[in-house]
Structure formats: C-alpha cells, structure tokens
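Just so you know, all these numbers are worked out from the coordinates, no wet-lab data involved. Keep in mind that this is a model prediction, so the values were computed, not measured. Note: ideal-geometry Cβ built from the backbone for every residue, glycine included; neighbour counts use all protein chains shown.
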C-alpha cells in the first residue's frame with residue numbers, strides 16, 4: 001500500500017500533453033504481467049492436481065481398510081443357527097460355533113427377586129396425599145428405610161410429608177448402589193419392588209425403624225428385631241461436603257464389622273458422600289448395616305443385626321478423622337427394626353446335549369452360540385442347527401469386490417481423462433469479464449485431466465491387478481489358489497451372457513453359483529485364499545496382498561500430495577507450491593517497481609512538456625506586444 005501511495009502521489013493528469021497515461025501504463029503493465037500470470041496458473045493447476053490426488057487417496061484409504069477387514073478370519077466364519085422352536089429359545093451363532101446339530105432344553109427360566117406390597121391406601125387415596133396421612137395413627141417427622149439388594153445396601157430418610165411417588169423416587173435413586181427398583185401403580189394401589197438382576201444371587205431385603213411404616217406398606221412375612229443406630233455429632237452441609245480439607249497425604253478410617261476390621265482411605269478431597277458409598281459397597285448385604293446422612297446431615301449407621309462394634313471406629317491420625325466425622329464419642333442406641341425379606345431370584349436351568357447347567361440370566365452362551373430363553377419347557381427338546389452362513393460370507397466378499405471395482409474405476413477415470421490445454425486456469429482479469437456460470441463451466445473443463453497418464457497411479461493400479469491375478473504359492477496340491485478358482489475374474493460367462501471385456505480395464509465379476517459352491521464345500525480354503533499371511537508376497541492371500549499394495553500407494557500419494565491438515569513444507573507438492581509463492585512474490589515486487597518507473601518517466605515527460613508550453617506561451621506574448 002505504501003508503494004501504491006507513492007505512485008499515486010507522483011502521477012500527473014496529462015493535461016499538458018493530452019495523453020491518457022493511466023491507460024498507456026495499464027496496457028504496458030498487462031503485457032508485463034503475463035509471465036507472472038502463467039506462474040499463477042501453474043500454481044492453480046498444481047493445487048487442482050493435489051486436491052484430485054487427495055480425493056483419490058481417500059478412496060484408497062477406504063479400500064485399504066476394507067482389505068484389512070478381509071484379512072481377518074472372523075469375516076469368513078459366519079454361522080447360520082436355527083432353533084426348531086423359537087417360542088422356547090432363540091439362538092445366534094459366533095465364529096466359534098461348530099457346525100452340527102444340538103439338543104437343548106429349557107428346564108427353568110431365570111427370575112429376579114421381587115416383592116409386592118399390599119394395598120396401600122385402603123380406600124383413603126382420594127382423601128390423602130402424604131405418607132403421614134396414610135398411616136393409621138397420625139405420623140409426623142421422619143424415619144429410616146433401608147433397602148438391600150444384590151449390589152449392596154442403602155438407607156433413605158422417609159418424611160411424613162412425602163408422597164408415594166416421592167418415596168418411590170427416593171428408593172430408585174439408590175438403585176445403582178442396591179440393585180433394587182420400585183414402581184408405584186396408582187390404579188392397583190400397590191408398590192412393586194424388583195431386583196435389577198436375575199438369578200439365585202438377586203435378592204431384596206427391606207428394613208425400617210418405625211412400625212407405622214411397616215404397617216403402612218402392608219408387607220407380609222415381616223419380623224421384628226432389636227438392632228442399633230449410630231449417629232455422629234457433626235453436621236455436614238450435603239453429601240458433597242469435604243470431610244477434612246486440611247489433611248495431608250492419605251489417611252485411613254477404620255470400622256469393625258462382624259469382628260472384621262474394614263479400612264477406608266480418605267484424602268483432603270474425599271467427600272462424606274464418597275465415604276458413605278465406599279462403606280456400603282464394602283460391608284455389603286451380609287451385615288445388614290448401612291451408612292447414610294441423617295436428616296440433620298450427620299453421619300449415621302443403621303445396624304439392625306448389631307454387626308457394628310460400638311468401640312470399633314478408629315483412624316491412623318490421632319482421632320483427627322474421627323473428629324472430622326463426628327465419631328469420637330459415638331455410641332449405639334438400641335432400636336427396633338421391622339424387616340421383610342423376599343426369596344431370592346432363581347437361576348435359569350438348561351440341558352445342552354444331555355449336560356445340565358445353571359445360569360444367572362436368560363441369555364446363555366454355550367459352545368460359541370448365544371441362547372435367549374423364552375419359555376420353560378422341560379419336556380420339549382429343541383433342535384439347534386449350525387451351518388456355514390454362505391450368504392453372509394458371499395455378501396462380505398461381494399461388497400469387497402464392489403469396493404475394489406469402485407477404486408479402479410476412479411483411478412482409471414483419473415489417468416484416462418485427457419487434459420484440454422485450450423482451457424487454462426482463468427486469470428483475475430479474465431474472470432472480471434465473465435459471468436459466474438461461464439466461470440464455472442470454464443473451470444470444470446480446466447480441472448479435467450490433472451491426473452492424465454499419471455505414472456504413480458498407473459503403477460499402483462498395475463500392482464493391485466497383479467495382486468489379484470497371481471496365484472498363491474506354497475499351498476497344498478489341489479487347494480484353491482486364485483480368485484478364478486472361486487468364480488471371481490475379469491470375465492464371467494453365464495449361459496450365453498458374457499460379462500467383462502478389455503474396455504472394463506480390470507473390473508472384477510463374480511460367478512455367484514461358483515463362489516457359493518466354493519463357500520459351501522471348501523470354506524476353509526476360501527478363507528486361506530484371502531487371509532494367508534506368508535513369508536513372501538507370492539504366498540500371501542489376496543486380501544493380504546491388496547492391503548499391502550494399497551498401503552504402499554496410499555503412502556506414496558500422501559508423501560506427494562499430503563493431507564488436508566499437513567503443512568506445505570512436509571510433502572512434495574506443498575514444497576513446489578511454496579516455490580511458486582516465492583516466484584510470484586518476487587515477480588510482484590518487480591512489477592511494482594516497473595510501474596513506479598513508468599510513472600516517473602511519464603511524469604518527467606509531462607513536466608518537460610509543461611515547461612515547454614509555458615515558454616511557448618511567453619514567447620507568443622512577447623511577439624504580440
């Protein structure tokens with residue numbers, strides 16, 4: 001901009017000579033810019049070619065990944081599994097399932113532990129809305145309610161002002177800790193507790209500190225026992241409160257449960273909620289005890305079975321932790337607990353080829369097959385058949401062949417498209433005189449043929465073709481050794497129809513009948529034909545070879561054209577583009593200096609003419625007097 005300002009300051013109007021200097025200089029500069037515009041056009045062609053390389057390289061990468069998948073044996077081991085009675089059991093197969101027929105019986109389904117309350121409102125539901133109103137005696141305040149399940153135990157506080165829906169939500173909020181959920185159905189006026197797991201290990205146990213809650217839930221089989229409750233004397237704001245932010249290192253809180261000492265690590269970042277969760281996970285359902293925050297935010301323990309030792313709280317930091325937890329002088333308070341326990345869930349029981357087994361869920365894995373149990377039918381034997389899934393493997397191979405054909409078509413199109421030199425990249429000046437549609441049409445023609453007869457692509461394509469056509473060496477006599485042996489080749493004859501010719505430039509065709517026959521009769525040989533990884537390339541399987549060749553070609557193009565995120569000085573065409581930039585910058589500077597010189601020269605001439613005109617006017621004035 002500074003150079004342009006100097007030029008403008010030195011320009012003259014041409015009033016003395018009557019000459020349009022700007023037009024003359026522009027025409028002279030247009031001629032001088034032609035060499036720079038050619039360099040700019042060369043750079044544009046380079047960028048178009050680079051972009052075409054990258055587009056093609058993305059296709060090569062997709063094919064490379066597909067070839068890798070084809071080197072994995074799992075793609076050739078698909079099994080088709082059938083059940084003679086899917087109302088009893090459905091089954092799917094994995095690659096590890098062996099072909100054959102099997103006998104399967106569902107003797108018993110797995111079930112979850114479950115518990116249903118009695119009618120809760122006894123006709124009061126229309127008149128009441130809270131738990132306190134539903135109890136026979138007017139109940140106020142709050143009480144503890146402990147849920148135990150397969151995962152552990154947890155205690156929630158039940159308030160007289162809670163609704164049935166709030167009670168259910170509170171129970172469910174602890175399901176990740178307990179493994180128990182509850183649903184309240186208003187129409188049935190019943191709560192349904194259920195374990196989130198199935199099998200013998202699933203269970204539900206409920207205990208409460210208030211007989212009114214036990215009576216309200218109308219739970220059958222409840223028992224009464226005298227346990228104990230511990231409560232600290234320090235109130236925490238919430239479960240997110242840090243126990244002691246001034247601790248250094250890791251300290252240990254200890255408690256005795258059923259005579260065994262349990263240890264819990266605490267740092268200056270441990271919250272009271274985290275400690276409670278760790279305690280409940282550790283002491284489990286066996287003790288029946290559970291830690292929780294009381295309504296006043298104090299650390300408390302429900303202990304219906306007296307599993308905790310009143311003098312069993314300690315730490316390794318001179319009671320600093322006990323003080324932080326409010327447990328330095330904790331004592332147990334006797335408390336009556338009302339509890340009800342359900343029977344556990346049941347394991348599934350099945351018989352597979354005469355051998356019985358028990359499983360915790362209704363999804364059973366045996367012999368590389370996955371069975372989903374639908375109905376117990378101990379006296380009905382289901383026949384399970386496992387066969388090679390020819391159609392699935394055929395589809396896998398066909399998709400791979402299609403992807404190969406797409407790739408070579410793209411490469412052939414690139415190297416076969418002719419370059420029309422009558423359509424060079426447009427200059428900025430040329431674009432100014434054209435419409436957007438004309439520019440688009442021109443550039444479409446100008447971009448064509450950037451990869452015409454490209455040796456890198458031509459050689460890469462030849463390598464892919466050789467990888468397909470060369471037979472495998474080192475295989476036993478009579479084994480499948482080439483794609484043509486399984487019906488894949490550049491030509492396909494089906495009756496009087498012939499597919500494939502020289503004009504297809506290497507496109508593959510599949511004889512479906514021949515390929516499916518090979519998959520049915522010689523599945524292992526078909527798999528070896530694609531997946532073998534030998535010491536030499538001549539012994540490699542087709543997919544292994546194609547993966548190697550695609551990897552080489554992808555690397556070569558990346559080194560030449562880079563990727564969209566690569567720095568220009570890290571690949572060949574990028575470095576060439578930088579050299580063009582340097583040329584353009586140098587030529588731009590020379591043109592700016594030349595334009596300055598032209599204006600200086602014309603300015604001098606205009607100044608001289610102005611002086612001559614002044615002298616001529618003076619002389620004319622002298623002669624006229």
**Study point:** Point-to-point label distance, residue 391-residue 84, nm (Cα→Cβ direction, 7 Å offset)
**Key:** 2.2
Review point. Viscosity 1.567 mPa s, temperature 4 °C: Stokes-Einstein D of region 525-571 from its Kirkwood Cα radius, in µm² per second?
Key: 105
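What is the Rg over Rh value, at two decimals, for region 30-149, using alpha-carbon atoms and the Kirkwood definition of Rh?
Numbers: Rg = 36.9 Å, Rh = 25.0 Å.
Looking at region 30-149, the ratio lands at 1.48.
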Exercise for review: Grab the eigenvalues of the alpha-carbon gyration tensor for the chain, scale each by 5, take roots, and send me the semi-axes largest first in whole angstrom.
Suggested key: 80, 49, 23
Study note, to complete from the structure: Per region 24-90, sqrt(5λ) over the Cα gyration tensor eigenvalues, sorted largest first, in Å, gives 65, 14, 4
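Could you tell me what % of all Cα pairs in region 213-301 have separations over 15 Å?
Working: 2612 of 3916 pairs.
Considering region 213-301, 67 percent of its Cα-Cα pairs are separated by more than 15 Å.
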Exercise for review: For a footprinting-style exposure proxy, rank 623, 104, 554, 530 by other Cβ within 10 Å, fewest first.
Suggested key: 623, 554, 104, 530
Study note, to complete from the structure: In whole percent, the Cα-Cα distances of region 164-242 spread across 5 Å bins from 0 upward as 3, 10, 16, 20, 21, 16, 9, 4, 1
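Give me 36, 369 sorted ascending by neighbouring Cβ count inside 10 Å, so fewest comes first.
Details: 36 17, 369 22.
The fewest-first ordering by Cβ neighbours comes to 36, 369.
Within a 10 angstrom radius of the beta carbon, how do 599, 292 rank from fewest other beta carbons to most?
On the way: 599 20, 292 23.
Final ranking by Cβ density, sparse to dense: 599, 292.
Work out the FRET efficiency for residue 601 and residue 55 from their Cβ-Cβ distance, taking R0 = 51 Å, and round it to the nearest 0.05. Could you put the intermediate results ahead of the total?
Working: r = 50 Å, r/R0 = 0.98.
After rounding to 0.05, the efficiency reads 0.55.
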Check your understanding: What is the ratio of the Cα radius of gyration of region 114-341 to 2.2 N^0.38 Å, where N is its residue count, to two decimals?
Key -> 1.04
Exercise for review: Can you tell me the 0 to 90 degree angle between the C-alpha axis of helix 455-469 and the longest principal axis of the chain, rounded to 10?
Suggested key: 50
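Per residue, how big is the convex hull of region 424-564 when only Cα atoms are used? Give it in Å³. Don't skip to the answer; put the middle values down first.
Working: hull volume 26.2 nm³, N = 141.
Measuring per residue, one finds 185 Å³ for the Cα hull of region 424-564.
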Check your understanding: Looking at the P(r) of region 340-453, how many percent of alpha-carbon pairs lie beyond 20 Å?
Key -> 71
Exercise for review: Report, largest value first, the span of the C-alpha coordinates of region 66-124 along each principal axis, in whole Å.
Suggested key: 70, 32, 16
**Study point:** Inter-label distance, nm, simple model (7 Å from Cα along the C-beta direction), residue 187/residue 564
**Key:** 5.4
Exercise for review: Could you work out how far helix 21-70 tilts from the main Cα principal axis of the chain, as a 0 to 90 degree angle to the nearest 10?
Suggested key: 40
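For region 57-211, what does the convex hull of the Cα positions come to per residue, in cubic angstrom? Walk me through the numbers before you get to the answer.
Values: hull volume 37.0 nm³, N = 155.
Roughly 239 Å³ of hull volume per residue.
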